[in-house]
């Protein structure tokens, strides 16, 4: 995903570009540090739930943001985590950018594509894997709406929409706020209806593009889908392998394991029985090119010829 394509604020683009480059360097330096123990995870910070609760509930009562400094601290942490999530997403091979080139540009030695210690042990956190095939486009769209001149109240409403996006996925929420989706659910329940009304007004009458089965990021990731009627699939060396999602195996990293020699060379995706859609993420070398017919035929034979296939863009 080219995050900067959504921007209409050049200064913000430069700031975020620098922040992402800094995150690449920090993440890789952490991995290659002589003191790092094999199997350890990348470090991660989240926003204290008490800080968000205090400001959001005060606004719900008064209609104004009295702690503007605290709100800016929340925004800065959100943007830092968004940049770090974007960097991890790219280093894990979930982006159109070449992670090998980035690693070289940062001055670090190459990382083998079958390095389980990096791709599955290190690129993980106590809050869950810092990789998203779901929320990054919406999060960047909201981030680019933030301007230095907006009022604190306008800023809070945009940050609230940001929280709404991560709230839809518990694993993503956990990468931004202490307590994850549970904290946001408590916030919603404790704001005397204002929080729910605000979210309803923000979303309007539109169906969420991340819950309607029409976008790559929605396939098999919704709360209804995640443990019901969803299959992970990969095509490795021309062979299709599938696995029904369960409590132990929710993500491709857990599924592929020793089956794959180089995680960046496989075709992969999810199939949702509820929406009868199949997501498809091509290997780096095939991005932007037509999907070969043998790949499509294997998916049709496995999941049915009436499925809708949605490609990662």
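The values are calculated or read from the model by the stated rules, or taken from the named source; none is laboratory data. Not measured: the values here are computed from a predicted model. Cβ: placed from backbone, ideal geometry, glycine included. Neighbour counts: every protein chain shown.
Scan the range 147-169 for residues that are in a helix (DSSP H, G or I) and without any contact (Cβ under 8 Å) to a residue 40 or more places away in the chain and jot them down. Talk me through it step by step, then tell me what you get.
Of all residues in the range 147-169, those in a helix (DSSP H, G or I) come to 152-167.
154, 158, 164, 166, 167 - these are the residues of the range 147-169 that are in a helix (DSSP H, G or I) and without any contact (Cβ under 8 Å) to a residue 40 or more places away in the chain.
Within the range 271-283, can one find any residue that is surrounded by fewer than 17 Cβ atoms within 10 Å (Cβ to Cβ), under 21 Å from the mean Cα position of the chain (by Cα) and at pLDDT below 75? Explain how you work it out, then say what you get.
Residues of the range 271-283 surrounded by fewer than 17 Cβ atoms within 10 Å (Cβ to Cβ): 273-274, 276, 283.
Going one step further and asking which of them are under 21 Å from the mean Cα position of the chain (by Cα), we end up with 283.
Filter once more, so that each one left must be at pLDDT below 75: none.
No, the range 271-283 contains no residue that is surrounded by fewer than 17 Cβ atoms within 10 Å (Cβ to Cβ), under 21 Å from the mean Cα position of the chain (by Cα) and at pLDDT below 75.
Exactly one of (1) in a helix (DSSP H, G or I); (2) crowded, with 18+ Cβ neighbours inside 10 Å is unmet by residue 95. Its number?
(1)
Is it the case that residue 210 is surrounded by 15 or more Cβ atoms within 10 Å (Cβ to Cβ) and either assigned to a loop (DSSP other than H, G, I, E, B) or modelled with pLDDT of 90 or more (or both)? So that I can check it myself, show each step before the final result.
Working: surrounded by 15 or more Cβ atoms within 10 Å (Cβ to Cβ): yes; either assigned to a loop (DSSP other than H, G, I, E, B) or modelled with pLDDT of 90 or more (or both): yes.
So residue 210 passes the test.
Could you list, in sequence order, all residues of the range 28-50 that are touching a helix residue (DSSP H, G or I) at 6+ places or on another chain (Cβ under 6 Å) and in a helix (DSSP H, G or I)?
Selection gives 31, 49.
Do we find a residue being in a loop (DSSP other than H, G, I, E, B), closer than 30 Å to residue 152 by Cβ and in contact (Cβ under 8 Å) with a residue 40 or more places away in the chain anywhere in the range 99-121? Write out each step before concluding.
Start the filter on the range 99-121 by keeping residues that are in a loop (DSSP other than H, G, I, E, B), which leaves 106-115.
Next cut, closer than 30 Å to residue 152 by Cβ only: none.
The answer is no, given that none of the residues of the range 99-121 is in a loop (DSSP other than H, G, I, E, B), closer than 30 Å to residue 152 by Cβ and in contact (Cβ under 8 Å) with a residue 40 or more places away in the chain.
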